[in-house]
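One structure is given below, encoded as C-alpha cells.
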Amino acid sequence: MTRGPRIGDPAPRPDGPDKVTGRFPYSSDLRAPGMLWGAAVRSPHASARIVGIDPAPALALEGVAAVLTADDVPGRPTYGLAVADQPAFARDLVRHHGEAVAVVAAATPDLARRAARAVAVDYAPLDPLTDPAAAVTAAPLHPNGNVFRHLIVRRGDVAAAAADPDLVTVEDTYEVGRQDPAFLGLESGLAVPAADGGVDLAVSTQFLHADRDQVAASLGLAPERVRLTLAGVGGAFGGREDLTLHLHLCLLALRTGRPVGMAYDRSESFVGHVTRHPARMWYRHRATRDGTLVSVEARVLLDGGAYQSTSAAVLANACCFAAGPYRVPHALVEGWAVRTNHPPAGALRGFGIPQVCFAHESQMDALAAALGVDPVDLRRRNALAPGDALLTGQRITGTAPAVACLDAAVAHPLPAPPDDDPLRRPGGTGLATGPGDVRRGVGVAMAFKNLMYSEGLQDLSTASVRLAVDGGELVATVHCAAAEVGQGFVTLAQQIVRTELGVDRVVLRAADTSIGEAGSSSASRQSWMSGGAVAAACAGVRDEVLARVAAGRGGRGEAFALRDGEVVSRDGGLRLPLAEVVGADPVEAVRVFTHADTAPLDADGQGDAHVAFVFTAHRAVVDVDPALGSVQVVQIATGQDIGRALNPLAVTGQLEGGIAQGLGLALLEDVVTREGRVATRTFQDYLVPTALDVGDVVATLIEEPEPGAPYGAKGVGEAPTLSSIPAVVAAVRAATGRRLRRVPVRPAHVALGEDGVAPFVVPGGPAAPPGVVTGPEGPLAKPALTDPPGVAELPGGEGGA
Amino acid sequence: MSRPRGLAEAIDVLRADPAAVPLGGGTDLLVALRAGERSVRHVVALRRVEELAGVTTGPDAVDLGAGLTWAGMEAQVGATLPALAAAARAVGSPQARNAGTLGGNLGSAAITGSTLPVLLALDAGVEVAGPAGTRTVPAGDLVRGPGDVALHAGEIVTRVRIPRARGPQQFLKVGQRGSVITAVAQVALVLDLGARRVRCGVGAATPVAFRPRAAERAAEAAIDWDAVTADPDLPRRFGALVAADRPPLDDLRASAAYRRHAVAVLAERALARALAA
C-alpha cells in the first residue's frame, strides 16, 4: 500500500478523475426499475389567489400515475429551516413566482412535464409586494407578518462621537442584486417506498438530517422511517440547505408505491431554490483627519422573499459584520429582513456578509479619497487585531491576521501591462476593444467572517471510525453525515485517519441518516466540526487499541502509543503491528464533536455570538473599456487567513472558485425580476464567469494556527467570495472614475455613469432626501417595530394573508 | 426525423409535411424545444444534404454552403471574408461553433443572429431553394422580423454568394461577457475601395439587423477615396449617424440608452479601424 496523503499534504480528490471524465454519478443519474418521474406545477404569478385546481386533464393522459396538491400532505403542511412557514404546496394563496401548487408523477420525464402543464389551476392574480422598504408597513403577506427579523447593533455612542466638528464624513447608499447559486448540478433525486411504510430518499443536499426532519414532519412519519442518503452533488454554495424537491418526491413515492425520480431544469431551478438576499444599504462613516475610524452607522435592508428560510441568521451576519474587519468604537447598525412576493432568499456563500462587504469597502475607499490617504494605509491603520472588540462587543480571542492578509495581497507583483492578444482585452472575442481603448485599474478590499453557527445555535457533528483487518490489511472505515458538496471533506476525512491511526487504506461510507447528524455543509464549518468529529473518533479507536494492548499485558494504556501502524511502548522496547492487535475483533468509536458555546445577541446586538473568525484580503487588477463598459479581470491577488492548510490543493480550489463567484457577483450574476416575476430563465442571461473572465489568481496563505480548532485550521469555503467583490468594483472605479454603487456592475453603469441606485428609504419611516451628503435623517433604530413571532407553527394550514 | 441526403429529397420532405421544421446545427431549435417554447413533430435534419456543403472562392465572388458551421467559417474564410470569420469566432462556445450553421442562423432569424449584419455589409445574396425552384434574395430582404424570414413554404436557404470587394472589413460585437455571450450590439463594416462605397450592418440592437444608409452616404462623401483618408472626426460623426438611424431595443440584456451608445461606439471604431488599415 502506498503512503496516502496526511494532514498538510496536497491530496487529490478521490472523485476528481470521474468528475472530469463524466463518469461520476450525480443525483440526476439515479434510476430504479419501474420508476416514475415527477414534475411540479408552478405558479406563473408572483401573487395570486388559487380559485381552483383541476387535476383531471392531467390524469386523463395515459401514463400519469398521480397528481398531488396541498390536500395530499398527510403531516405538517409547511416546512422551513428555522420556521416552518413555507407550504409544501400553495393551497389558497401563491406568494411567489414559481411556487409549487401541485406535483405529478408519470411514466417519463417528458410526460410528467406535459402532465404538469395540463393541470388546470385557476388563479386570481393579486398585486405583488416587490418593494422591501414597503414590506414593513404593507398588509401582511403571511400570518407570521412581513418582518422576518429587525435587528439593532449598538456600540458606544454614535451621536456623541458625531459632535466633533473636525471629523471627516462619507455617506452613501449601495445595492446588491440577486445572485443565484448557479450550481451546475440541478436539483434532482430519487425516492423509493420502503416495506416498513417509510421511504428512502437519495438526493443532493447540504444537510441530510435537517432535510429528514422536515420531510418526516410533513409526511407524518417518525424520522427513522425517512432515510436519506447523499447522492452525487454538483455544487451547492448554500442553495441546497432548504428543501426543494425532497418532499414532493417522497409524497409521490408513498402515494404511487413506486420509485420516483425528479430533476429540475435551469428555469425551474431559478425559481425553485433560494438565492442570495438582494440588499439595499445606507452607510455613514466618520473618521479623524489622521484616518482613524470613529463611527459607522448603517442600515441594511434584505429582501427575504416569500418565506423565511435562513433570513434571520443572514441578517445577523450582515449586521454583526456591517463595518468590516476594523476597530470601530462607535456604531449603530439597524437591519431588516423582510417578506416580499419575490422567490425566497437564503444561504449563499458568505451568508449576509458579501452584501455589507461591498458597502463597507466602498465606504473605506470613499473615506480614503476624502482624507487624501492611500486606501491600503487606511485599512492597515484601522484593521482588527487579536484582543480587539467587534461591533457586538465580543473580543477576538483567536487569531486575527487582517493586516497580514492585506500585506500579502498587495505584496504580489502587479501583472504585466496589457499585451497584444485581443482576446485578453475587455470584451474578449467581440473584438470591440482596441489597444488604445483600455484603461487599467487596481482595487483593494478586505473582509472577515464568522466560522460555524452563531447566536447559541446547536452546532455538532458525529463521526464513527472502525478499524478492521481485511485480507491481512488494516482498513479504517469512516462514517459521517457531512455532505460532500465539492469542498473536499472526502479527502480530509481520509487524511485525518491516516494521520491519527497511521492506516493508509481508508474507506468512506456514504453519508446518510443512519448515523447522528453532522450539521450542514455551510458556514465554513465542516473541516472544523466534522473534521473534529473524525479526529475524535480516531482518538477513541486509538484509546481502545492501547487499552487492549495494556490489558493483554496487564499494564496501563498510556504506556503505549500508536505510531505508523504500530503500537509502541514509550520506552521503545515493544513494537506490535497494529493489524495484530486488531486481529479478528474490529475496533470502533463514535464521537460527537461540538465547539465552544456561543451566546444570543441582546437588545443592543451585544454578546459573544460567534465562535471564531476568518480574515481575507483581495487586490484586483482589471482592464476596462470605459466607452463600452466592458471589464476584463486581469488578476486577483489574495492573502488568505487559513489557520493551517490541511489540504493545500483543496484550499487552492476554494480560493479560485470563491473568487470566481465573487467577481461573478461584482460584474455579471443577477437574477432579474419584473413585477415579482423572475425574468432570467437560462444561462444565456444569467451570466457566470467563464475561464476567460476570471483572470489569474495568485494567493498567499497566512498560516497562524487557530487555538481550539482541530489542527489549527480555519474553514475557507466562504472567505474568498467576500472581499473579491468590492476589490473588483474598486478597480473598475479606479479605471473609470465612476461611482458604481450597485453590484453587479453593468456595462451601462460604466459607460453611461448611471448606476440606478435610488436614495435609501427607511422601512416604515420617512423617505430619505436625495443626494450623497445629506442622506436619511431621523433617528436610527426607532423602537416602533415589533419583532415577528420567534417560532411560528402555522395553525392548521398556512391560512390566508 | 428525416435525414435527406440531397436537396431534392429535402425539399420533397418539407413540401409533403407543412409542419416539418428544417434543422441546421440545432443550436437555436434544441434550446427552444428544451425550454418548451416550441413543439415540433417532424424535424428535417439538413446536415447530410450535399448541396449545402462547401466553400467556393472565385475571382468575383465567394460562395458559401448553408451547411457551413461557425468553425468552418472561422477556418475557411478568414482571408477572403475576415468580418465573417471574426463574427463566427465570437459566437458561443467551441461546441456551439462546431454545430451551428450559416443557413440555420439566417433561417432562425434571431434578433441577436451574427451572420445577417455581416452579410448586409458584404452585400450578399442568399440563395434559397424550394418546390418552385431556386431564387436569390438580397440579404437585406431575407428577414422581415424576429424569427420571420421571407421564405415560401418548403423553401430553405441553400447558399450565400458574396461579391468580392477590395478593402478592409471590420466586425465588432459587444455583450456583457467576453465570450459565450449573446450580443447586445454588433457592427460589421466594409470599405469597398473599388466601388468607393461604405457598407455597414448593425445587428442585435434592433428587431432586425439593418444598414444605416444615411450614415453610409455621409461617410462615402467625406472619404478621400484616392488616399483612403478622412477628417479625423469622421468616425465619430459616422457613429452618431448610425446610432440615430432607428430606435434601439430595450430589454433584459441592455437598455435602449446603452444600445444607442454602444452602436455609436462600435460604428465609430469600425470606420476608424477600416480607415487606418
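The values are calculated or read from the model by the stated rules, or taken from the named source; none is laboratory data. Predicted model only: the values in this text are computed from it and were never measured. Note that each Cβ is placed from the backbone with ideal geometry, even for glycine, and that neighbours are counted across all protein chains shown. Heads up: the accessible areas ignore ligands, DNA and RNA and are worked out on the full protein's heavy atoms, side chains in. Shrake-Rupley method; radii C 1.70, N 1.55, O 1.52, S 1.80 Å.
For the stretch A:81-119, give me each residue that is among the small types (Gly, Ala, Ser) and within 14 Å of chain B (Cβ to nearest Cβ).
Filtering the stretch A:81-119 for residues among the small types (Gly, Ala, Ser) gives A:82, A:84, A:88, A:90, A:98, A:100, A:102, A:105-107, A:112, A:115-116, A:118.
Selection gives A:112, A:115, A:116, A:118.
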What pairs come out if I take residues in the stretch A:401-421 that are assigned by TED's automatic domain parsing to the domain that holds residue A:434 and closer than 25 Å to residue A:713 by Cβ and pair them with residues that are open to solvent by 70 Å² or more (accessible area, probe 1.4 Å) and in a loop (DSSP other than H, G, I, E, B) whose C-beta lies under 6 Å away, six or more apart or interchain? A:401/A:704
More than 30 Å from residue A:210 (Cβ to Cβ), open to solvent by less than 20 Å² (accessible area, probe 1.4 Å) and not β-branched (Val, Ile, Thr): which single residue out of A:58, A:66, A:40 fits that description? A:58
Over the stretch A:116-163, the set of residues among the basic types (Lys, Arg) and farther than 26 Å from residue A:319 by Cβ is A:117
Scan the stretch B:1-26 residue by residue and report those that are assigned to a loop (DSSP other than H, G, I, E, B), open to solvent by 20 Å² or more (accessible area, probe 1.4 Å) and within 18 Å of residue B:100 (Cα to Cα). B:3, B:24, B:25
Could you check the stretch A:683-692 and list, in sequence order, the residues that are at the interface with chain B (Cβ under 7 Å from one of its Cβ atoms) and either open to solvent by 40 Å² or more (accessible area, probe 1.4 Å) or touching a Lys or Arg at 6+ places or on another chain (Cβ under 6 Å) (or both)? A:684, A:685, A:687, A:692
Among residues of the stretch B:147-199, those that are over 16 Å from residue B:123 (Cα atoms) and within 12 Å of chain A (Cβ to nearest Cβ), counted: 15
Within the stretch A:433-481, residues more than 19 Å from residue A:209 (Cβ to Cβ), under 23 Å from the mean Cα position of the chain (by Cα) and polar (S, T, N, Q) come out as A:450, A:454
Given the structure, is residue A:228 outside any loop (DSSP other than H, G, I, E, B), more than 25 Å from residue A:681 (Cβ to Cβ), out of contact with any helix residue (DSSP H, G or I) (no Cβ under 8 Å at 6 or more places or on another chain) and modelled with pLDDT of 95 or more? no
Matching residues in the stretch A:250-284 - criterion: being more than 14 Å from chain B (Cβ to nearest Cβ), of a type in the set (A, V, I, L, M), touching a helix residue (DSSP H, G or I) at 6+ places or on another chain (Cβ under 9 Å) and over 30 Å from residue A:297 (Cα atoms): A:251, A:254, A:260, A:262
Quick check: anything in the stretch A:164-173 in contact with a Phe, Trp or Tyr (Cβ under 6 Å, 6 or more places away or on another chain) and of a type in the set (Ser, Thr, Tyr)? yes
Output the number of the condition that residue B:158 fails; it satisfies all remaining conditions of (1) in the same structural domain as residue B:118 (by TED's automatic domain parsing); (2) of a type in the set (Ser, Thr, Tyr); (3) not in a strand (DSSP E or B). (3)
For the condition within 14 Å of another protein chain (Cβ to nearest Cβ) and over 19 Å from residue B:92 (Cα atoms), what is the one hit in A:695, A:676? A:695
Please tell me if residue A:244 is farther than 26 Å from residue A:719 by Cβ, touching a His at 6+ places or on another chain (Cβ under 7 Å) and modelled with pLDDT of 95 or more. yes
Taking only pairs six or more apart or across chains, which ones have beta-carbon atoms under 8 Å, a first residue in the stretch A:632-653 that is assigned to a loop (DSSP other than H, G, I, E, B), and a second residue that is aromatic (Phe, Trp, Tyr) and open to solvent by 10 Å² or more (accessible area, probe 1.4 Å)? A:643/A:711; A:644/A:711; A:646/A:711
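Right, residue A:541: assigned to a loop (DSSP other than H, G, I, E, B), open to solvent by less than 10 Å² (accessible area, probe 1.4 Å) and within 17 Å of residue A:585 (Cβ to Cβ) or not?
Values: assigned to a loop (DSSP other than H, G, I, E, B): no; open to solvent by less than 10 Å² (accessible area, probe 1.4 Å): yes; within 17 Å of residue A:585 (Cβ to Cβ): yes.
So residue A:541 does not fit the description; no.
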Taking residue B:74, is it open to solvent by 30 Å² or more (accessible area, probe 1.4 Å) and modelled with pLDDT of 95 or more? yes
Condition test on residue B:144, is it open to solvent by 30 Å² or more (accessible area, probe 1.4 Å) and farther than 19 Å from residue B:78 by Cβ? yes
Here are A:631, A:590: which of them is more than 22 Å from the chain's Cα centre (by Cα), open to solvent by 20 Å² or more (accessible area, probe 1.4 Å) and within 22 Å of residue A:452 (Cβ to Cβ)? A:590
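Just wondering, is there one or more residues in the stretch A:611-622 that are within 14 Å of chain B (Cβ to nearest Cβ) and not in a loop (DSSP other than H, G, I, E, B)? Please lay out each step first, then the result.
The first filter runs over the stretch A:611-622 and keeps only residues within 14 Å of chain B (Cβ to nearest Cβ), leaving A:622.
This time we only want the ones that are not in a loop (DSSP other than H, G, I, E, B), so: A:622.
Scanning the stretch A:611-622, I find at least one residue that is within 14 Å of chain B (Cβ to nearest Cβ) and not in a loop (DSSP other than H, G, I, E, B), so the answer is yes.
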Looking at the stretch A:646-661, can you tell me whether even one residue there is over 30 Å from residue A:157 (Cβ atoms) and within 14 Å of another protein chain (Cβ to nearest Cβ)? yes
Scan the stretch A:340-358 and give yes if some residue there is assigned to a loop (DSSP other than H, G, I, E, B), touching a strand residue (DSSP E or B) at 6+ places or on another chain (Cβ under 7 Å), hydroxyl-bearing (Ser, Thr, Tyr) and at pLDDT 95 or above, otherwise no. yes
Filtered residues of the stretch A:215-230 (kept if open to solvent by 10 Å² or more (accessible area, probe 1.4 Å) and within 24 Å of residue A:349 (Cβ to Cβ)): A:230
For residues in the stretch A:728-752 being touching a Lys or Arg at 6+ places or on another chain (Cβ under 6 Å) and assigned to a helix (DSSP H, G or I), which is nearest to the other protein chains (Cβ to nearest Cβ)? A:750
Please verify whether residue A:604 is among the acidic types (Asp, Glu) and under 25 Å from residue A:720 (Cβ atoms), treating the condition exactly as stated. no
If you go through the stretch A:279-294 one residue at a time, do you hit one that is buried (at least 19 other Cβ atoms within 10 Å of the Cβ), assigned to a loop (DSSP other than H, G, I, E, B) and touching a Phe, Trp or Tyr at 6+ places or on another chain (Cβ under 9 Å)? no
Odd one out for residue A:130, checked against (1) on the phi > 0 side of the Ramachandran plot; (2) surrounded by fewer than 21 Cβ atoms within 10 Å (Cβ to Cβ): (1)
Filtering the stretch B:228-272 for residues that are away from chain A (no Cβ under 14 Å) and open to solvent by 40 Å² or more (accessible area, probe 1.4 Å) leaves a count of 9
Show me the helices (runs of 4 or more DSSP H) found entirely inside the stretch B:181-277 where at least 3 residues are under 19 Å from the mean Cα position of the chain (by Cα). B:256-276
